[in-house]
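Presented below is the structure to which this report refers.
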Amino acid sequence: MLASDKTPRQIVNELDKYVVGQDQAKKAIAVALRNRYRRMQLPVDMQEEVTPKNVLMIGPTGVGKTEIARRLAKIVHAPFVKVEATKFTEVGYVGRDVESMVRDMVEVAYKMEEEESFKNVRSQATSKANKRLVKLLVPVKKKETKANDQMNFTKMMRDLQNGNFADYLNQAGLNGQEENPNDVTDEVRNERLSVNEQLQKGLLENTEITIDMDDPAQALQGQNDMLGQMGLDLNALGSMIPKRRVKRTLTVKEAREVFIREESEKMVNAADLADAAIQRAQNTGIIFIDEIDKITSKSKQNAGEVSREGVQRDILPIVEGSQVKTKYGLVKTDHMLFIASGAFHESKPSDLIAELQGRFPIRVELEDLTAQDFIRILTEPKNALIRQYVALIGTDNVDVTFTKEAVERIAQIAFDVNHETENIGARRLHTILEKLLEDLLFEGPDMQMGEITITEAYVDEKVGKIAGDKDLSRYIL
């Protein structure tokens, strides 16, 4: 797996569609990403020597740190994991260990590989799924005698005694046992041909049928994070236990998707997926460590608490490059890209331990958002906030438009409240727009249809007075 071959300028252009401003941060991130692609073009012996240039983003909350990293991963289709540094504990304390971020990364990479493989076999899997649907819609009529029942019961008991669970499940009809061709009559064949034709035309999509499928709850039982931290993998044990099947009544359309997934799983090689996932995670994985400023050793008031410096020392070998044991195999973190971020209000990057500082050579400071930035955030990005609210209210057949002056007033109020209370960046716009459009969102369904224009006067009436009262704005905006 190779990283995207987009140029830094193309990456920045893509980021500009979703994130306003912060040109320096976008440029640094784009260059770091391009260097990963450049590394993959080098001779193999030199590839090992070139390490990724990890990035430390510094700036207040709500200015786009997480959004830049998240959008970046989508642009290059790379496995991406966001973790909070404050959730980790040093070895010896109960809690998430730092290696869990790598295990999460490989899990994401495996899902991506699985989905890509399933797309490649979807046409074949769909054909097999339709055959199963036809058999369910037109079942065969079995003729069983008491003698056959006695023989079946005897065979079932023998299978159980010999530990042959699969044969027992087939005998019980719980494991998708193939029907006996001798039981298929000409009448059934003709009926199935007719039903298959209707399926192809999409005439039975909403017909309900009862199917046997893997129990979703059984898959979740093996996902025990605490046991995973102790190095215990329940998946190996779970593979020895037969899958529990449950009956569900679904539409033909829903049942087809269940069958397509089951058939796809049979057609792809899990070992190949695991190997590809490890390679993808190692070479293109992006781990975003948020709130890294909260684990600095600036505060000495941590007697009896988890040592924040200890968490830094546990993160260090992961960022430096080490091997982590996962259920898919050993994973090297040497060439994963780590992006750390923090507000650093009460501390500074130099408060991190020196070894960790050295592992984040690229540092960019994100700027506070101005009122002009807020105007751009409200209107410019793809699916900008105002477009989202217009579309939401439009589902009630109410056409909402914002005047230019209204948008400017909203941006100014957001800027003022941020500087008079706590600066939460662009997130303030969500709070203000919700308060501004509260009545419209409530009464919209009863209006059925109409046209509403949001003016500057309307903004002042709904939000301006609250913003002017410092005590009130602290609680409402």
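The values are calculated or read from the model by the stated rules, or taken from the named source; none is laboratory data. Source: prediction; values computed, not measured. Positions of Cβ are generated from backbone atoms using ideal geometry, with glycine treated the same way; all protein chains shown enter the neighbour counts. Side chains included, ligands, DNA and RNA excluded: accessible areas come from the protein's heavy atoms. Shrake-Rupley method; radii C 1.70, N 1.55, O 1.52, S 1.80 Å.
Remarks
- Residue check for Leu385: in contact with a His (Cβ under 9 Å, 6 or more places away or on another chain) and surrounded by 17 or more Cβ atoms within 10 Å (Cβ to Cβ): yes
- Flag if Thr395 is hydroxyl-bearing (Ser, Thr, Tyr), open to solvent by 40 Å² or more (accessible area, probe 1.4 Å), under 32 Å from the mean Cα position of the chain (by Cα) and under 27 Å from Gly59 (Cβ atoms): no
- Which numbered condition Gly444 fails, given (1) under 31 Å from the mean Cα position of the chain (by Cα); (2) among the small types (Gly, Ala, Ser); (3) surrounded by fewer than 23 Cβ atoms within 10 Å (Cβ to Cβ): (1)
- Take the conditions (1) within 30 Å of Ala340 (Cα to Cα); (2) open to solvent by less than 60 Å² (accessible area, probe 1.4 Å); Pro361 misses just one of them, which is (2).
- Number of the exception - Asn130 against (1) under 30 Å from Asp5 (Cα atoms); (2) of a type outside the set (Gly, Ala, Ser); (3) at pLDDT 90 or above: (1)
- Residues in the stretch 73-107 that are hydroxyl-bearing (Ser, Thr, Tyr) and either buried (at least 19 other Cβ atoms within 10 Å of the Cβ) or in contact with a Gly (Cβ under 9 Å, 6 or more places away or on another chain) (or both): Thr89, Tyr93, Ser100.
- Top-ranked residue of the stretch 310-357 - restricted to ones that are within 24 Å of Ile29 (Cβ to Cβ) and part of a strand (DSSP E or B), ranked as most open to solvent (accessible area, probe 1.4 Å): Lys332
- Matching residues in the stretch 254-280 - criterion: being among the polar types (S, T, N, Q), closer than 21 Å to Asp214 by Cα and open to solvent by 20 Å² or more (accessible area, probe 1.4 Å): Asn269
- Hits in the stretch 191-214 - residues which are of a type in the set (Asp, Glu) and open to solvent by 60 Å² or more (accessible area, probe 1.4 Å): Glu191, Glu197, Glu208
- Hey, Val459 touching a residue at least 24 places away in the same chain (Cβ under 8 Å) and not acidic (Asp, Glu) or not: yes
- Hey, Leu378 open to solvent by 80 Å² or more (accessible area, probe 1.4 Å) and either within 30 Å of Tyr458 (Cβ to Cβ) or not in a helix (DSSP H, G or I) (or both) or not: no
- Residue-level check: of (1) at pLDDT 90 or above; (2) open to solvent by 20 Å² or more (accessible area, probe 1.4 Å); (3) of a type in the set (Val, Ile, Thr); (4) under 15 Å from Leu369 (Cβ atoms), Ile424 misses just (1).
- Residue in the stretch 108-126 that is surrounded by fewer than 19 Cβ atoms within 10 Å (Cβ to Cβ), at pLDDT below 90, more than 22 Å from Lys327 (Cα to Cα) and not charged (D, E, K, R) present: no
- Of all residues in the stretch 133-160 being in a loop (DSSP other than H, G, I, E, B) and either crowded, with 17+ Cβ neighbours inside 10 Å or among the charged types (D, E, K, R) (or both), the one that is modelled with the lowest pLDDT: Glu144
- Which listed residue is touching a helix residue (DSSP H, G or I) at 6+ places or on another chain (Cβ under 9 Å), in contact (Cβ under 8 Å) with a residue 12 or more places away in the chain and more than 18 Å from Ile454 (Cα to Cα), from Ile377, Ile353, Ile393, Ile413: Ile353
- The set of residues in the stretch 54-64 being open to solvent by less than 20 Å² (accessible area, probe 1.4 Å) and either outside any loop (DSSP other than H, G, I, E, B) or of a type in the set (Gly, Ala, Ser) (or both) consists of Val55, Leu56, Met57, Gly59, Gly62, Gly64.
- Test: residue in the stretch 16-37 that is within 30 Å of His419 (Cβ to Cβ), outside any helix (DSSP H, G or I) and among the β-branched types (Val, Ile, Thr): yes
- Qualifying residue in the stretch 39-52 (condition: touching a strand residue (DSSP E or B) at 6+ places or on another chain (Cβ under 9 Å) and closer than 23 Å to Ile315 by Cα): yes
- In the stretch 447-477, residue surrounded by the most Cβ atoms within 10 Å (Cβ to Cβ) [restricted to those that are of a type in the set (Gly, Ala, Ser) and modelled with pLDDT under 85]: Ala467
- Selection of the stretch 32-53 for residues being closer than 22 Å to Ile292 by Cβ, surrounded by fewer than 19 Cβ atoms within 10 Å (Cβ to Cβ) and touching a residue at least 40 places away in the same chain (Cβ under 8 Å) yields Thr51, Lys53.
- Selection status of Arg70, closer than 22 Å to Pro8 by Cα, open to solvent by 50 Å² or more (accessible area, probe 1.4 Å), assigned to a helix (DSSP H, G or I) and of a type in the set (D, E, K, R): yes
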